[in-house]
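Below is one structure, written out as structure tokens; the observations come after it.
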Amino acid sequence: MQTLYLLIAILGVIGVVYLLVKKVETKTALIGVGFILCLLSLKPIEALNAFTHAMVQPALIEAICASMGFAFVMKVTKCDKHLVKLLTAPLKNVGFFLIPLAFMVTFFIAIAIPSAAGCSAAVGATLIPLLMASGVKPAMAAATVLCGTMGGILSPGVSHTALISEISGKNIQEIILVQTPNALTAGVIVMISLMIMALVFKDYQKGKVFEVANQNIKEESIEKVSILYALMPLVPLAILIIGASPLRMYEFLSWTSKIGVAEAMLLGTIIAVVVTWTKPDIISREFFNGMGKSYAEIIGIIIAASVFVAGLKACGVIDIIIEWLKNEQDYVRFGGTFIPFLMAMVTGSGDAAAMAFNKAVTIHAQDLGFDQLKLGTAVAMSAVLGRYLSPILGACIIVSAIAGVNPLEIVKRTVLGCVISVVVIAFVLL
């Protein structure tokens, strides 16, 4: 009977991948397959319990919802555009080295705007035309901005970080500190690889001006940058960094040590109201709209992943995998890196694979001989890298539309750095 359940679970995993490739809505695929697995295992209540339990996890809801609410406030006040304009304005007439500079600027902005699609749209509308006008071919210009969005993994509001916090019981600042070596190492590798690929594909032509093919895709420009507006997206990050650093020992900064992610986002919103002089009712409406959207789209995926994992547990496959990994611990680093990487590449989303793996396996990391934070962050980073090899990734589609190129041309330029990065994470950093 156990063999039958194991076969059912394998078919369930294949079914989820197939549905995601066919662009079935992620939550629908995960919940549907998870419930069917529980039903076939004669444990349908497990799916319902997993759903309701995941609905009310305070650490996840507070951090993610507040962060998305703050992001909406930054968008309506145009503070995000001021930040992008401030950082991209100096990037002119630097030739070939505009590629790594653009990558680094996007990486930094993505920490404040962690949504890959949102950051690609905001930064890409400015940087991609700038790169193209400086002699960089459209495909490389798009790839540079796309890969730069990996900086979002260091945002305190990203869903993977909140989930690892829930699993490990550690605060988000601690998790970001553990994730930083992964992100910076991958960032350096990808940045250098983009420069190599630019030479291979002859993507830089000095003096050549490439025109933006799709003139309809443009962000509203900012005529004059306000330094105060541009600093607003960074306020919560600054508060959290100070609260986790020795600076909190100073009496006038001691209050930062008691501030969590949600409180930092709320404080940042209040400061934005004062600085931008925007009507409080507009700020309030947008903040709560952002919170609602985050619950529907981000928390929703976590809930759906919980149901899918419940289905695998009901079949007994999780227990089998854990016992096997206890005896074959060398395979944990493969499962925690290459599986999320490959699934993200195939499906265009690393969330489903990374969250399912973290909820099913990372929670048992200590029994497997690994630190929970190191394993959890490696899983999340690998999934982020994998999605840059997917032509159906939303952010890839956005930058390809801005540059007017086929998404596959972008993937050709991202593959080298992402593959090397995941290998380094698996065999060196984990």
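The values are calculated or read from the model by the stated rules, or taken from the named source; none is laboratory data. Quantities reported herein were computed from a predicted structural model and do not represent experimental measurements. Positions of Cβ are generated from backbone atoms using ideal geometry, with glycine treated the same way; all protein chains shown enter the neighbour counts. Remember, those area values only see protein heavy atoms, side chains included, never the ligands or the DNA or RNA. Shrake-Rupley method; radii C 1.70, N 1.55, O 1.52, S 1.80 Å.
Report yes if some residue within the range 103-123 is modelled with pLDDT of 90 or more, within 17 Å of Asn406 (Cα to Cα), buried (at least 24 other Cβ atoms within 10 Å of the Cβ) and of a type in the set (Val, Ile, Thr); otherwise report no. The answer is no, given that none of the residues of the range 103-123 is modelled with pLDDT of 90 or more, within 17 Å of Asn406 (Cα to Cα), buried (at least 24 other Cβ atoms within 10 Å of the Cβ) and of a type in the set (Val, Ile, Thr). Thr161: of a type outside the set (Asp, Glu) and either crowded, with 24+ Cβ neighbours inside 10 Å or out of contact with any helix residue (DSSP H, G or I) (no Cβ under 7 Å at 6 or more places or on another chain) (or both), yes or no? Spelling it out, Thr161 is indeed of a type outside the set (Asp, Glu) and either crowded, with 24+ Cβ neighbours inside 10 Å or out of contact with any helix residue (DSSP H, G or I) (no Cβ under 7 Å at 6 or more places or on another chain) (or both). Among the residues of the range 1-16 satisfying the criterion of being among the β-branched types (Val, Ile, Thr) and surrounded by fewer than 17 Cβ atoms within 10 Å (Cβ to Cβ), which is nearest to Val346 (Cα to Cα)? Looking at the filtered set, the residue picked out is Ile14. Hey, does the range 382-389 have a residue that's at positive phi and either touching a Leu at 6+ places or on another chain (Cβ under 9 Å) or outside any helix (DSSP H, G or I) (or both)? No.
Among the residues of the range 347-376, those identified as hydrophobic (A, V, I, L, M, F, W, C) and either at pLDDT below 85 or open to solvent by 10 Å² or more (accessible area, probe 1.4 Å) (or both) are Ala352, Ala353, Ala354, Met355, Ala356, Phe357, Ala360, Val361, Ile363, Leu368, Phe370, Leu373. Pairs are defined by a Cβ separation below 7 Å, a sequence spacing of at least 6 or placement on different chains, a first member in the range 1-20 that is among the hydroxyl-bearing types (Ser, Thr, Tyr), and a second member that is modelled with pLDDT of 85 or more and open to solvent by less than 90 Å² (accessible area, probe 1.4 Å); the pairs so defined are Tyr5/Ser41; Tyr5/Cys315; Tyr5/Gly316.
Val379 satisfies every condition listed in (1) surrounded by fewer than 24 Cβ atoms within 10 Å (Cβ to Cβ); (2) under 18 Å from Lys170 (Cα atoms) except (1).
Exactly one residue out of Lys75, Lys23, Lys43, Lys81 is under 30 Å from Val225 (Cβ atoms) and either touching a Phe, Trp or Tyr at 6+ places or on another chain (Cβ under 8 Å) or open to solvent by 50 Å² or more (accessible area, probe 1.4 Å) (or both), and it is Lys75.
Quick grid of which residues meet (1) buried (at least 20 other Cβ atoms within 10 Å of the Cβ); (2) aliphatic (A, V, I, L, M):
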residue	(1), (2)
Leu154	yes, yes
Ser168	yes, no
Thr180	no, no
Val188	no, yes
Ser193	yes, no
Val200	no, yes
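Once the range 246-291 is narrowed to residues that are touching a helix residue (DSSP H, G or I) at 6+ places or on another chain (Cβ under 7 Å) and of a type in the set (Phe, Trp, Tyr), the residue that is surrounded by the most Cβ atoms within 10 Å (Cβ to Cβ) is Phe287. Cβ-Cβ contacts under 6 Å between residues 6 or more apart (or on different chains), taken from a first residue in the range 55-70 that is more than 22 Å from Ile282 (Cα to Cα) to a second residue that is among the acidic types (Asp, Glu) and surrounded by fewer than 21 Cβ atoms within 10 Å (Cβ to Cβ), are listed as Gln57/Glu166; Ala59/Glu166; Leu60/Glu166.
Is it true that some residue in the range 297-317 is open to solvent by 30 Å² or more (accessible area, probe 1.4 Å) and over 19 Å from the mean Cα position of the chain (by Cα)? Yes, the conditions are met somewhere in the range 297-317. Annotation note: Cβ proximity below 6 Å between a residue of the range 398-413 that is at positive phi and a residue that is surrounded by fewer than 21 Cβ atoms within 10 Å (Cβ to Cβ) (sequence gap 6+ or interchain) occurs for Gly404/Ala213; Gly404/Asn214.
The sole residue among Thr126, Thr52, Thr88 that is surrounded by fewer than 22 Cβ atoms within 10 Å (Cβ to Cβ) and modelled with pLDDT under 90 is Thr88.
Pairing each residue of the range 333-354 that is closer than 15 Å to Ala365 by Cβ with any residue that is at pLDDT 75 or above and assigned to a loop (DSSP other than H, G, I, E, B), provided the two are 6+ apart or on different chains, yields C-beta distances under 9 Å for Arg333/Phe370; Arg333/Leu430; Gly335/Val361; Gly336/Val361; Gly336/Phe370; Gly336/Leu430; Thr337/Leu430. If you take the residues of the range 318-344 that are within 18 Å of Leu4 (Cα to Cα), open to solvent by 20 Å² or more (accessible area, probe 1.4 Å) and among the β-branched types (Val, Ile, Thr), which of them is nearest to the chain's Cα centre (by Cα)? The selected residue is Ile321. Of all residues in the range 349-379, those satisfying the criterion of being among the β-branched types (Val, Ile, Thr) and within 18 Å of Cys418 (Cα to Cα) are Thr377, Val379. Out of Ala66, Ala143, one residue alone is of a type in the set (A, V, I, L, M), under 16 Å from Asp203 (Cα atoms) and more than 13 Å from the chain's Cα centre (by Cα). It is Ala143. When the range 84-125 is limited to residues that are without any contact (Cβ under 8 Å) to a residue 40 or more places away in the chain and in a loop (DSSP other than H, G, I, E, B), the one that is farthest from Met381 (Cα to Cα) turns out to be Pro90.
So, Val33, is that one assigned to a helix (DSSP H, G or I), open to solvent by less than 10 Å² (accessible area, probe 1.4 Å), of a type in the set (Val, Ile, Thr) and in contact (Cβ under 8 Å) with a residue 12 or more places away in the chain or not? Against the criterion (assigned to a helix (DSSP H, G or I), open to solvent by less than 10 Å² (accessible area, probe 1.4 Å), of a type in the set (Val, Ile, Thr) and in contact (Cβ under 8 Å) with a residue 12 or more places away in the chain), Val33 does not qualify.
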